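One structure below.
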Amino acid sequence: MVTDRAPGTAVVTGAAGGLGHAIAVALHADGWQVLLTDLDAEAVAAVAGPLGGWSRPLDVRDEAACAAVAAEAATRAGGLGLWVNNAGLLVTGPSWSHDAATRRRVVEVNTLGAMNGTLAALAVMRGQGVGHVLNVVSLAGLVAPPGETVYAASKHALLAFSLGTLADLRLAGHRDVHVSCLCPDGIWTPMLHDRLDDPGAVASFTGTLLSPQRVAHRAARLARRPRPVVALPRWRGAQVRLLDALPGLALRLAPLVRAAGRAGQRRQRRRIGGT
């Protein structure tokens, strides 16, 4: 992708708060026209005001709705340049602790919803001959963390879909249509705010919690310079890939991972003034 051209339109899903809103802010600051979308129509409209006031309600599980948003974005100056699949759900606990409806909802939002957004965007971008889909995956897409099994399974599927789609694009001759995966460590957003005493969420606290702004800044850089997979921080990506390559070692280290995560939860509680 040419990185010095003026950005066109960027669509961000799950943009009413947390990381999605931070990404929208960072992209707007970088010159993108940003269309903020979220399941909560009132909340996303409220935060869209300072960023140009362009928002739409969107349930990413609705394929037709994703296609309509992509078509609308394509009508703006510069066309649809970027689609960020950020909307996601986190559930914690052993895989057997979730009912079928919960497992289905996680996969429908985290995997199928991102597939819907990706394919809606690509239907436009392939015709334009240029564009970029940025999928917010997670380090849980690179390794299977204990306690986040269903979430990790949905993110592994998204990573495979993203990389396979990128290969399909290249084989079809699309050199300037990109798919990137951003895999951040745990982020201090509402997704984790109520997880400080959750034993199933310990894996998200084993590293240094990232701010939404730091991740959003990296997303804005990635939007300009696509790469297939970017881990944040980089050293954590290398660490979890090693564990993924050595599953026996990862199983033996699971008690240490749990202990490190519990320590991380206690540190975070102290930082926010808890007891």
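Here Leu51 passes the criteria (1) of a type in the set (A, V, I, L, M, F, W, C); (2) closer than 22 Å to Asn110 by Cα; (3) crowded, with 20+ Cβ neighbours inside 10 Å except the one numbered (2). What about Leu196, is it open to solvent by less than 20 Å² (accessible area, probe 1.4 Å) and assigned to a loop (DSSP other than H, G, I, E, B)? Here the answer is yes, as Leu196 does meet what is asked.
Pro146 meets the stated requirement of being in contact with a helix residue (DSSP H, G or I) (Cβ under 6 Å, 6 or more places away or on another chain) and over 17 Å from Asn85 (Cα atoms). The single condition among (1) among the charged types (D, E, K, R); (2) open to solvent by 60 Å² or more (accessible area, probe 1.4 Å); (3) assigned to a helix (DSSP H, G or I) that Arg227 does not satisfy is (3). Tallying residues that are in contact with a helix residue (DSSP H, G or I) (Cβ under 7 Å, 6 or more places away or on another chain), open to solvent by 20 Å² or more (accessible area, probe 1.4 Å) and either among the β-branched types (Val, Ile, Thr) or modelled with pLDDT under 95 (or both) within region 1-42 yields 2. Report yes if some residue within region 121-128 is under 18 Å from the mean Cα position of the chain (by Cα), free of Cβ contacts under 8 Å to residues at least 60 places away in the same chain and outside any strand (DSSP E or B); otherwise report no. Within region 121-128, one or more residues are under 18 Å from the mean Cα position of the chain (by Cα), free of Cβ contacts under 8 Å to residues at least 60 places away in the same chain and outside any strand (DSSP E or B).
Specify the residue that is nearest to Gly131 (Cα to Cα); the eligible residues are those in region 180-216 that are among the charged types (D, E, K, R) and touching a residue at least 40 places away in the same chain (Cβ under 8 Å).
Filtering first and then ranking leaves Asp185.
Conditions tested, residue by residue: (1) open to solvent by 10 Å² or more (accessible area, probe 1.4 Å); (2) in contact with a Lys or Arg (Cβ under 8 Å, 6 or more places away or on another chain); (3) modelled with pLDDT of 95 or more; (4) more than 19 Å from Gly141 (Cβ to Cβ).
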position: Ala157; (1), (2), (3), (4): yes, no, yes, no
position: Phe161; (1), (2), (3), (4): yes, no, yes, no
position: Gly164; (1), (2), (3), (4): yes, no, yes, no
position: Ala167; (1), (2), (3), (4): yes, no, yes, no
position: His174; (1), (2), (3), (4): yes, yes, yes, yes
position: Val177; (1), (2), (3), (4): no, yes, yes, yes
position: Pro190; (1), (2), (3), (4): yes, no, no, yes
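Taking each residue of region 235-260 that is in a helix (DSSP H, G or I) and modelled with pLDDT under 95 and looking for partners that are among the charged types (D, E, K, R) and open to solvent by 60 Å² or more (accessible area, probe 1.4 Å) with beta-carbon atoms closer than 8 Å, six or more apart or interchain, yields Ala250/Asp244.
Output yes when any residue across region 200-211 is farther than 21 Å from Val107 by Cβ and in contact with a strand residue (DSSP E or B) (Cβ under 6 Å, 6 or more places away or on another chain), and no when none is.
Yes: one or more hits.
The values are calculated or read from the model by the stated rules, or taken from the named source; none is laboratory data. It should be emphasised that the depicted structure is a prediction, and the values quoted were computed from it without experimental measurement. With ideal geometry, Cβ positions are generated from the backbone for all residues, glycine too; neighbour counts draw on all protein chains shown. For accessibility, only protein heavy atoms count, side chains too; no ligands or nucleic acids. Shrake-Rupley method; radii C 1.70, N 1.55, O 1.52, S 1.80 Å.
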